[in-house]
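One structure is given here, and the rest of the page talks about it.
Each value in this text was obtained by applying a stated rule to the coordinates, not by laboratory testing. Small disclaimer: the values here were computed from a predicted structure and weren't measured. We place every Cβ from the backbone using ideal geometry, glycine too, and count neighbours over all the protein chains shown.
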2 protein chains.
Amino acid sequence: MTPVPSFGSSSPLVITDFLYRARDLFSAKTITQYQDDVTVFEYTYGDYADRVFRLAAALIDLGIRPGDRVATLAWNHYRHLELYLAVPLAGAVLHTVNLRLEPDEIAYIVDHADDRIVFADTSLLPLLDTARTRRPDMPVITTDGDGAALPSQDGLIAAAEPLTDPVPRDENDLAALCYTSGTTGPPKGVGYSHRALYLHTFTACLVDGHAIGERDTVCHVVPMFHANAWGIPFAALMTGANQVLPGAHPAVPEIATILANEQVTYTGMVPTVAVDLVRHALASGIDLTCLRALVLGGSTPTPELIRSIEEDLGVRAYQGWGMTELSPMGTFARPPRSADGDPQRRYDYIRRQGRLLPGLRWKLVDDEGVVVPHNGVDRGELLMRGPWVAEHYFRDEHPEAFVDGWLRTGDIATIDPEGYLTIVDRAKDLIKSGGEWISSVALEQALTTIPHVAEAAVVAVPHVRWQERPLAFVAPESGHALDPAAVLDALADLVPRWWLPERIEVVESLPRTSVGKLDKKRLRSAAEGHLFVDTHNSTVAGSLR
Amino acid sequence: MTPVPSFGSSSPLVITDFLYRARDLFSAKTITQYQDDVTVFEYTYGDYADRVFRLAAALIDLGIRPGDRVATLAWNHYRHLELYLAVPLAGAVLHTVNLRLEPDEIAYIVDHADDRIVFADTSLLPLLDTARTRRPDMPVITTDGDGAALPSQDGLIAAAEPLTDPVPRDENDLAALCYTSGTTGPPKGVGYSHRALYLHTFTACLVDGHAIGERDTVCHVVPMFHANAWGIPFAALMTGANQVLPGAHPAVPEIATILANEQVTYTGMVPTVAVDLVRHALASGIDLTCLRALVLGGSTPTPELIRSIEEDLGVRAYQGWGMTELSPMGTFARPPRSADGDPQRRYDYIRRQGRLLPGLRWKLVDDEGVVVPHNGVDRGELLMRGPWVAEHYFRDEHPEAFVDGWLRTGDIATIDPEGYLTIVDRAKDLIKSGGEWISSVALEQALTTIPHVAEAAVVAVPHVRWQERPLAFVAPESGHALDPAAVLDALADLVPRWWLPERIEVVESLPRTSVGKLDKKRLRSAAEGHLFVDTHNSTVAGSLR
């Protein structure tokens, strides 16, 4: 028997490598800061790296030790991007806090993460009031202040010498931490190891993924507090892509101006923002064909949005699907070569969630945990696993979200024989009607194809006979009115008769969570306590709003 | 002090994952086998995977245990591709043996690797005579035989049930082994861990690398016995690219036909083959614009070859640089965005060795090991390190090739401020003339720009006064004659006067190693024992050939 040779490597997979790479190979590439629709700052990767090395040294001087959490509460700007690398370079954990949360939610998260320091935009300081009351000894540093009231990031950098030796890190050490926005219960912490983010960064640069490369100028529209802005900042550093940051409170017309001004080649956003962007571009005539890719993520885009991006804007649309627990990317929807020249087939691939990223594994299981075949028809809960998939939450809470090392995504899905994923529904959003399932997502998609319906949301309402029946909320396009009966008539041509909602509620707009997703929790509580007692034209026990 | 959380993953980086991926996501994509210029076989990834799972089970039945080496001696064909995955799936180590070696060299390598089984093409069996005499108990299986004289691969597959559970592997376990062709001393074994090949595969699919993706049809012109055919077979499996294999003894006109027939989008080859391919395509008028990329590697392409690929063929040229010890890719030469629209600048980027692949680190050091700056001028020996860079040879021989975990590449190089590598010379190919260095590579490149010079090689010859002086060998284009004096005159316009070779030898063609590289060892031994005693028009003591 011959010995089994092991060929281990002394090179750990640590994301701080990308900083050295940006400095050594791409020192002249640029980071451009906008506020509203004007450039307020621009510097090179060389200058960026110098500030990051100083900031990391300053963190260590402040007492930050390996594994400590350093929080950020900030918009998309270059100083936030400096913290993205300086915190891991100091051996610490970057904890990006969602600025759309309430002060008490932020206090909960900062406490739960045991953050040692917080870096915050001056304009966001009030959001920290509760947290600072609870943790009076926790230093707060302003990213953009002048150092008068509180220490400032620029002040720290000015006073520090560049760090010469990075703090050694094992690739399994945490580099970042992000809390899920939590549509149920309190937020859960998702930790990202260096190895997870490193490998995830590679996938962002694959030709079949976001395809970020040296030729790109990327614009970070996705908030940097949201799952590392899909990991695109790390990908840009790794490849030397130019980066453009839109600053605080970016509005759609400003985003359009920035994309055109900077000849941005890649950006990603949630479908609701993309809908507004398309509308604005068409109304204003602004040319966005500089974009080689507009990637949609966060929720499922409508077929019409995909068509409009491709045909009206002349820009390639893609869909990325993921979760905070997936670092965040799990799949990417890029039409296969076989769909070339057939727009309808292309769009049909893009509107689904796409193919599994290399490195990950998945399976569908039924209620009993039995594996469901990938035939494009049978549904199951999607389970995922891989080097950048969470296997537990921070502090090991919520073990029920994992089974045998697999993450339970909570999504009900099909996978077709070509390996394309379709998310049918959130497990808890399926409507159980008389022993059959109705997909709220499918109903919502059908509703949004009806003229003048801008948005739609469907929730389950208990029914005395059928167990559950659908209730639909629809919002009209601005300047239009919707008649519930007409919407129901139009829908009858699009879905099976027994799927038709018991009631159509016309609302001005739909409630959304802090990261722009439909807030079904709020819709459900609006519908709570109500009961359908008959089908169609049924009497609803009480008003729903 | 808070505890440092570790977020290890239970998902190891093992290349057999790509087989599952090919089967589950790309089962309808194809592998097409040519012999000469006709298709002899085609099957799908689904059928491929089925055969691989059976072959892996058969290997285990044959007694192959984790870590055992399984040798292949084979051309580029689908059964070789089956072994690429079946051997690691069985937990064993794929040892690809160079079929251009002599029987006694092969015997040395098979013995050194302690191969348990050899899979060989029937036509190559005579190359194994010495090895089989030395290891009479080692089973030999033919890849393509009918099972009459020796067991055959098809026979094994037909008799086996598919392996249901892969043999568990640690990511640091060896997956493959390849011996360097050894221009000095006996061949050295380079081991590739699963982790190394896995990460290397990702780099092959980066948009700034080979950019292999689902849209591609790749043709393996690079021999599969040569550093895993640059890792492209693994990249194709990972992304679902179609694969085309040219079979035994591929000649350039056949390769051209295959590329055009199959509308191949990506291929790679050594510059000497590319020169012939361009010549053939121009003479025959065959259209190769199906190629999105023709990647040159193995030796430095001439500027004229790059220009001709781009302008005469209408195909994008790139250069990949690497070594067996780098799995094999280290850099990739893709012009930056800033060179768009300026062909001359683009070619100037492509003729250099390119930018470091993400994940790797490099440095230049002088004779004392002191780091040399990356200013594009100062030269040093190139040292490399990273997850897919060898840190020792198989059986830990030749420790002198490594220093503090860094691989000494033996190449003398510059790196410019943009991070582009230029290999100036092999350390041992520099010519030390009167205390100054003359680059043999630069002389060779200058020589090949002279009309009717097809190839050139320069070696050092001892000189009584100057220590060493250059001796040049030049081969004319077919149908042309070269006059040494005229070549010297032309060269005088291209290089510093003191670089001019003492002598120009016109030869019919240059000797090459088994992998197509210039065989300077043979040229040096041809020049051995000779001494220059004067500069220019000097008397050479004895004939050189």
Over the Cα atoms of the stretch A:217-363 the radius of gyration and the largest Cα-Cα distance (Dmax), both in Å, equal 14.8, 45
For residues of A:9-18, the mean tally of beta carbons on other chains within 10 Å | 5
10 Å Cβ neighbours from other chains, averaged over peptide B:210-216 | 5
Sorted by average packing, counted as other Cβ atoms within 10 angstrom per residue and highest first, what order do B:493-505, B:192-204, A:291-303 take?
-> B:192-204, A:291-303, B:493-505
What FRET efficiency would be calculated for the residue pair residue A:368, residue B:42, taking the C-beta separation as r and a Förster radius of 35 Å, to the nearest 0.05?
-> 0.30
To the nearest 20 debye, what charge dipole does the stretch B:363-426 have about its Cα centre, counting +1 at the Cβ of each Lys and Arg and -1 at the Cβ of each Asp and Glu?
-> 200
Dipole size in debye (nearest 20) for the protein assembly as shown around its Cα centre, Lys and Arg Cβ +1, Asp and Glu Cβ -1?
-> 480
Value at 222 nm in deg cm²/dmol, rounded to 500, when DSSP H runs of n ≥ 4 in chain B each add -39,500 (n - 2.57) | -7500 deg cm²/dmol
Relative contact order as a percentage, chain B, C-alpha pairs under 8 Å and 6+ apart, gives 10
When B:188, A:29 are ranked with the fewest other C-beta atoms within 10 Å first, the list becomes B:188, A:29
Among A:10-22, B:476-488, what's the highest-first ranking by average C-beta atoms within 10 angstrom per residue?
-> A:10-22, B:476-488
What's the Kirkwood radius of the stretch B:458-534 in Å, using all Cα pairs?
-> 13.5
Cα-derived Rg over Rh, computed across the stretch A:244-331 with Rh taken as Kirkwood radius = 0.96
Place +1 on the Cβ of every Lys and Arg and -1 on the Cβ of every Asp and Glu in the stretch A:215-317, take the dipole about the Cα centre, and give the residue among A:250, A:226, A:296 whose Cα lies farthest towards its positive end.
-> A:226
Give the calculated FRET efficiency between residue A:452 and residue A:104 to the nearest 0.05, with a Förster radius of 45 Å applied to their Cβ-Cβ distance.
-> 0.70
How long, wide and thick is the stretch A:162-280, going by the Cα atoms along their three principal axes, in whole angstroms, largest first?
-> 47, 41, 34
Report Rg/Rh for the stretch A:140-199, rounded to two decimals, where Rg is the Cα radius of gyration and Rh the Kirkwood radius.
-> 1.13
Long-range HN-HN contacts of residue B:315 with modeled amide H, under 5 Å = B:310
Neighbourhood net charge (13 Å Cβ-Cβ; Lys/Arg +1, Asp/Glu -1) for residue B:311 = 0
Cα gyration tensor category, rounded, prolate or oblate, for the stretch A:12-245 with a/c compared to 1.5 = rounded
In units of 2.2 N^0.38 Å, the Cα radius of gyration of chain B is 0.99
Separation between Cα centres of the stretch B:425-499 and the stretch A:202-281, rounded to whole Å = 51
Using a Förster distance of 51 angstrom, determine the FRET efficiency expected from the C-beta separation of residue B:316 and residue B:395, and round it to 0.05.
-> 0.80
In the protein assembly as shown, how does Rg compare with the Kirkwood Rh, expressed as the Rg/Rh ratio over alpha carbon atoms?
-> 1.00
Provide a whole-number value for the mean count of partner chain Cβ atoms within 10 Å of the Cβ atoms in peptide A:195-207.
-> 5
Of B:188/B:363; B:428/B:520; B:428/B:521, those spanning more than 18 Å from alpha-carbon to alpha-carbon | B:188/B:363
Given backbone amide H placed at 1.01 Å from N, residues whose amide H is under 5 Å from that of residue A:503, ignoring those fewer than 5 places away on the same chain, are A:472
Residue A:498-residue A:111 pseudo-label distance in nm [points 7 Å out on the Cα-to-Cβ vector] = 4.9
Name the long-range amide H neighbours of residue B:145: under 5 Å, sequence gap of 5 or more, or other chain; modelled H, no Pro or chain starts.
-> B:122, B:153
Step through the residues of the stretch B:415-431 one at a time and calculate ³J(HN,Hα) from phi using the Karplus curve (6.51 cos²θ - 1.76 cosθ + 1.60, θ = phi - 60°), rounding each to whole Hz and writing x for Gly and Pro.
-> 10, 8, x, 7, x, 8, 8, 10, 7, 8, 5, 6, 3, 7, 9, 5, 10
Return, for the Cα atoms of the stretch A:360-427, the radius of gyration and Dmax in Å, separated by a comma.
-> 12.1, 38
